[in-house]
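All remarks here apply to the structure that follows.
Coordinate-derived values only; no laboratory data. Just so we're clear, the structure is a prediction, and the values are computed from it rather than from any experiment. Please note: Cβ atoms are built from the backbone with ideal geometry, for glycine as well, and neighbour counts cover all protein chains shown.
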Amino acid sequence: QVQLVESGGGLVQPGGSLRLSCAASGSIFSINSMGWYRQAPGKQRELVATINSGGRANYADSVNGRFTISRDNAKNTVSLQMNSLKPEDTAVYYCNAVLSPTAALRYNAYWGQGTQVTVSS
């Protein structure tokens, strides 16, 4: 089985910073991409940022320039540094990994349980 465990959410004032981290564990043979998605109340889940095994990152326009995604392939971890936070960044943030548990290289998406980020004064 595969587990993704997130940490680092919380309450922060507008303009502040938070760092989210996610560790993947369990039966993992190969990880393709890792990333972060978020879902605000009443809205669909949306992509925040992804990063592939080579380190190439992709960001949503709304966070580009404020958020930075990073990855440690040796530790199967992904982090999201969030700066200049805005109230509209308030959401549950979910870690995502596209990985294959075995050498058969059958990739599927796995999700963490989510961590709340609230930006409010």
To the nearest 20 debye, the chain has a Cα-centred charge dipole, built from +1 on Lys and Arg Cβ and -1 on Asp and Glu Cβ, of 120
Dividing the mean separation of Cα pairs under 8 Å (6+ apart) by the residue count of the chain yields a relative contact order in percent of 37
Please get the size of the charge dipole for the range 40-91, origin at its Cα centre, with Cβ charges of +1 on Lys and Arg and -1 on Asp and Glu, quoted in debye to the nearest 20. 120
Could you give the dipole magnitude of the range 1-72 about its Cα centre, charging the beta-carbon of Lys and Arg +1 and that of Asp and Glu -1, in debye to the nearest 20? 100
Positive end of the dipole of the chain, charges at C-beta (+1 Lys, Arg; -1 Asp, Glu), about the Cα centre: which of Leu47, Phe29, Gly15 has its Cα farthest in that direction? Phe29
Picking from Gly65, Leu4, Met82, whose Cα lies most toward the positive end of the charge dipole for the chain (charges on Cβ: Lys, Arg +1; Asp, Glu -1)? Leu4
